[in-house]
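Every number here is computed from the coordinates shown, using simple stated rules; none is lab data. Quick caveat: nothing in here was measured; it's all calculated off a predicted structure. Virtual Cβ from ideal backbone geometry, glycine too; neighbours counted across all protein chains shown.
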There are 2 protein chains.
Amino acid sequence: MIRLTKQTDYALVLMTLIAASEPSEVQSATELAERARLPLPMAGKILKLLGREGLLVSQRGAAGGYRLAQGASETTVADIIRAMEGPIALTDCSSDSGAVCSLEESCPTCSTLRRVNRAVNDALEAITLAEMAGAKHEAREALSEPIA
Amino acid sequence: MIRLTKQTDYALVLMTLIAASEPSEVQSATELAERARLPLPMAGKILKLLGREGLLVSQRGAAGGYRLAQGASETTVADIIRAMEGPIALTDCSSDSGAVCSLEESCPTCSTLRRVNRAVNDALEAITLAEMAGAKHEAREALSEPIA
DNA sequence: CCATAGGGCACCGATTCGGTCCCATTTCGT
DNA sequence: ACGAAATGGGACCGAATCGGTGCCCTATGG
């Protein structure tokens, strides 16, 4: 249903939590799991993935944890989704790789889908982690206007 | 991966094919399946669904088939996706139904997701079947720019 | 040297997806 | 009136994906 997985959803929540704290100090998976009201194994799994994908920097050993790899304004929703689910492509057809579509005759669909895909991508690229982290207090007026 | 199912993909192709023909005359599932290079059972299943959802009008009996229920300019990509997959919602959180999110504390995510969701929705709502059907010949310059 | 915390991965049950098939019903043509 | 041609509505099945847990390893601070 054009929907992202729950794990991606959780990733957005976790990233938001991390972004909302002091950028320099690490936060443990246990802490974050509690605050996000997620089971520890789940949170751990997701944080590991986000680390491997370069969105988080991890500190191993006792008193370890995670912190953002970049500033909260440099990370977008699209980045997080890509880290969790791979390239953003609505269909096989709409991926950037020039994979040839098997539906030759009827493939104006392809070109249009590519366009749709781009619109979605842009929308996701436009929202930064900083906005999400700040949304709790401010950024309420930013919601009143439509996007596209 | 924020992707729609293959059946939805097929639905877009089939709808495009139907829209590209004379609006008044019906086309059989067999015909359409051939032109879309899809197995007949698949095409049939999808066409039935689109009919039930009100996007197509069916003519039963011999020499039967399908035609558009509305003008090609009135039907959008979003309509087709909704017919195939239900309401467009990136996450449980972002649906329009005011379903309460379980992640209370961290739920600025909710509001932001709602915004993302809306952007996606708007993008899909903006593309009509008429555009897709016409894209084969024109609308090529709209593609010349890279995607992401 | 040990408790703490992340790294990696295998694994499992449940759901969804892609696809096929069957049978009932409708309708045109002869 | 009858039969071929089409749609209508499901049931059904194998395969892939999803959500979630657990285990064992390595790193590190006290």
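Here are the numbers:
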| quantity | calculated |
| --- | --- |
| Partner chain coverage, peptide B:59-67 - average Cβ within 10 angstrom | 0 |
| Residue mean of other protein chain beta carbons inside 10 Å, A:13-23 | 2 |
| Projected area, mean over directions - the range A:1-65, Cα convex hull, nm² | 4.7 nm² |
| Spherically averaged projected area of the range B:41-87 from its Cα convex hull (nm²) | 3.6 nm² |
| Partner chain coverage, peptide A:33-46 - average Cβ within 10 angstrom | 1 |
| Amide proton proximity set for B:L56, modelled H, under 5 Å, gap of 5+ | B:G51, B:A69 |
| Per-copy distances of the B:S58 label point, shortest first, in nm (7 angstrom along Cα→Cβ) | 5.3 |
| Given charges at beta-carbon only (K, R positive; D, E negative), |dipole| of the range B:1-70 in Debye | 280 debye |
| Amide H within-cut-off set for B:T5, under 5 Å, with H built and near neighbours excluded | A:I2 |
| Pseudo-label separations to other copies for A:G71 - Cα-to-Cβ vector, 7 Å, nm | 5.0 |
| At R0 = 22 Å, FRET efficiency that the Cβ-Cβ distance of A:A126 and A:D92 yields, to 0.05 | 0.30 |
